[in-house]
Amino acid sequence: MTITVIGHVCIDTIEPPHSEGVPREQLGGIVYSLATLATLSSPDDTIVPLFGINKAEYDALTQQLGRFPNIDPSAIYVMKEPTNRVMLRYGKNGQSRTECSRHIAPPIPFSNIQPHLNADGILINMVSGFDITLETLDLIRMEVRERNTPIHFDFHSLTLGVDEHHTRFRRPLTDWRRWCFFLNSIQMSEEEAAGLTTERYDEATLVNQLMPLMVEALVITRGRRGLTLITQKNKKLTRHDIEGIAVEAPADPTGCGDVFGAAFLWKLLHTRDYAGAAHFANTAAALNAAMRSPDELTLLAQRMRETTS
């Protein structure tokens, strides 16, 4: 099985509350998605990441990804622009978060993506919100349509702008329907869902407007409270409310959405069961919350087996 992963890498500086530790720096963004897919997949599977990184960080990245023999780094390209730097400041117990981004990378060109679309599944994670253009997404959809290749699309930062101080802020999308069109599954947080549309749709109205756009499943994540999955079959909508999983002494919520999306697509490709994939991904995201960096995700498959056995 081959899974193509599209989205920006970044360098995270994570600042916990002053009483809970000191700031730390790590490669993040799409790295969480890659580590999750790699540790869940078999050695015979291939994970193909697509993004650019500045040459100053290239060796550190390839060393980190080298821990996973089933990640093929050949599509990662060196760019002259600086690697995106993200500063994350959390409130107590991770209940609030301020995010700043500097040096956001240019969008990934379709010419880099096209040779790697003959895959079993495609994960698009809008880590920076500028990872690909809408025109590139249209080209991806047209390229894989006849093969019925599943695309899981994580809105992530797509609904975030950047102000003059590099702080991210919520902004609606005038063309949100085009972003959502003809995607197998879409993932967004409840905050992203609330701020998505210029029409200011409430969640129920958004679901009724979004699902007819040829979307099979919509995941709305709710942090510690779990998630809602909306599935569509023969134009009938079914709602699945899945409770959050309590985590003892959570270390860091960074990357939970990235882990969720990767685990969701991985399980879906093996079972074609959206509800089962959502439960599986919910467990994976909870386990990530107890970890302190994507390096620890090498233990994810083992801990998933222990949790579900």
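Quick look at the values:
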quantity: Candidate lysines - alpha carbon under 26 Å from Lys55, same-chain residues fewer than 8 apart omitted; calculated: Lys80
quantity: Segment 207-260 - Debye-derived log10 I(q)/I(0), Cα point model, q = 0.15, 0.31 Å⁻¹; calculated: -0.52, -1.24
quantity: Spacing of the two label points (7 Å from each Cα toward its C-beta) at His166 and Glu146, in nm; calculated: 4.6
quantity: When segment 114-233 is reduced to its Cα atoms, the Kirkwood hydrodynamic radius in Å; calculated: 15.0
quantity: DSSP-defined antiparallel bridges as percent of all bridges, the chain, nearest 5; calculated: 45
quantity: Correct choice for mean projected area of the Cα convex hull in nm² that was computed from the model, options [x] 15.2; [y] 26.5; [z] 16.1; calculated: [x]
quantity: Segment 213-309: translational diffusion in µm²/s, Stokes-Einstein, Kirkwood Rh over Cα pairs, 20 °C, 1.002 mPa s; calculated: 155
quantity: Whole-percent carbon and sulfur share, accessible surface of segment 137-206, 1.4 Å; calculated: 51
quantity: Whole-Hz couplings from phi, Karplus 6.51/-1.76/1.60, listed for segment 153-164; x for Gly and Pro; calculated: 10, 9, 4, 6, 9, 4, 8, 10, x, 10, 8, 5
quantity: Mean Cβ count within 10 Å, highest first, over the residues of peptides 116-128, 296-308, 155-167; calculated: 116-128, 155-167, 296-308
quantity: Under 16 Å from Lys233, Cα to Cα: aspartates and glutamates that are on another chain or at least 8 residues apart; calculated: Glu216, Asp273
quantity: Listed residues Met142, Met79, Met87, most fluctuating in the chain (Gaussian network, C-alpha, under 10 Å); calculated: Met142
quantity: GNM flexibility winner over the chain from Ala246, Ala275, Ala263 (Cα, springs under 10 Å); calculated: Ala246
quantity: Percent antiparallel among DSSP beta bridges (both partners in segment 137-255, rounded to 5); calculated: 60
quantity: Computed [θ] at 222 nm, helices only, for the chain once each DSSP H run of length n ≥ 4 contributes -39500 (n - 2.57); calculated: -9000 deg cm²/dmol
quantity: Protection proxy ranking, peptides 53-59, 1-7, 29-35, average beta carbon neighbours within 10 Å, highest first; calculated: 29-35, 1-7, 53-59
quantity: Residue among Thr13, Thr174, Thr133 with the largest mean-square fluctuation in a Gaussian network model of the chain, springs linking Cα atoms under 10 Å; calculated: Thr174
quantity: Relative compactness, segment 44-168, computed as alpha-carbon Rg over 2.2 N^0.38 Å; calculated: 1.16
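The values are calculated or read from the model by the stated rules, or taken from the named source; none is laboratory data. Please read all numbers here as calculations on a predicted model, not as lab measurements. Reconstructed Cβ throughout: ideal geometry from the backbone, glycine too, with neighbour counts over all protein chains shown. We work out accessible area using only protein heavy atoms, side chains counted, and drop any ligands, DNA or RNA first. Shrake-Rupley method; radii C 1.70, N 1.55, O 1.52, S 1.80 Å.
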